[in-house]
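Take a look at the structure below.
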Amino acid sequence: MDRERLIKMAGAVRTGGKGSMRRKKKAVHKTTSTDDKRLQSTLKRVGVNSIPAIDEVNIFKDDSVIQFVNPKVQASIAANTWVVSGASQTKRLQDILPSIFNQLGPDNLENLKKLAAQFQKQGSGADAAGAGAGAGAGAGAVQEDDDDVPDLVPGETFEAAAEEKPASEKKPTA
């Protein structure tokens, strides 16, 4: 190699003046996300406005929910465009169901029916497994049955049963 060419190559990676340490590799500066800039310019052209004070956004899919906590929400109602940006988490619908029950609409009714069917299947599967497990599981099942309201006997009312009890309690003891 030529001496001139070596000096030219060495000068290309020098960060300071003469006598300074050379970098091992020249840093390549990337452009700061041109896609993001292009998206922002397109959104500005559409005319989106920022919507403040939104704590949570949930996007419902088949069996999962994409959840954004404290997102930046922008909207252009004229263009029917909503932009939700921020950190997202994908969760199962069962995991966050109690907290989002009031947000569910009629289009998610089918998903709720599927969930209910799954829970019933899991519950019946757990009962069958518990019955086969032994006497300890059987005692738990009996205790569960105690919590159920008993069927009303035909021809009897609660008032008649309540009147009979005090009469039977007043038996004289000898």
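Whenever a residue of the stretch 82-96 is over 17 Å from Pro52 (Cα atoms), its partners that are at pLDDT 85 or above and of a type in the set (Phe, Trp, Tyr), lying with C-beta atoms within less than 7 angstrom and at least six residues away or across chains, give the pairs Ser88/Phe68.
Scanning the stretch 26-73 for residues being outside any helix (DSSP H, G or I) and open to solvent by 90 Å² or more (accessible area, probe 1.4 Å) gives a total of 15.
When you check Ser76 against the structure, is it open to solvent by less than 70 Å² (accessible area, probe 1.4 Å), modelled with pLDDT of 80 or more and over 16 Å from Asn58 (Cβ atoms), yes or no?
Details: open to solvent by less than 70 Å² (accessible area, probe 1.4 Å): yes; modelled with pLDDT of 80 or more: yes; over 16 Å from Asn58 (Cβ atoms): yes.
Here the answer is yes, as Ser76 does meet what is asked.
Any residue in the stretch 82-99 that is of a type in the set (Ser, Thr, Tyr) and open to solvent by less than 30 Å² (accessible area, probe 1.4 Å)? Taking every residue of the stretch 82-99 in turn, none turns out to be of a type in the set (Ser, Thr, Tyr) and open to solvent by less than 30 Å² (accessible area, probe 1.4 Å).
The values are calculated or read from the model by the stated rules, or taken from the named source; none is laboratory data. The structure displayed is predicted, hence computed values, not measured ones. We place every Cβ from the backbone using ideal geometry, glycine too, and count neighbours over all the protein chains shown. Just so you know, the surface numbers come from the protein's heavy atoms only, side chains and all, with ligands and any DNA or RNA stripped out. Shrake-Rupley method; radii C 1.70, N 1.55, O 1.52, S 1.80 Å.
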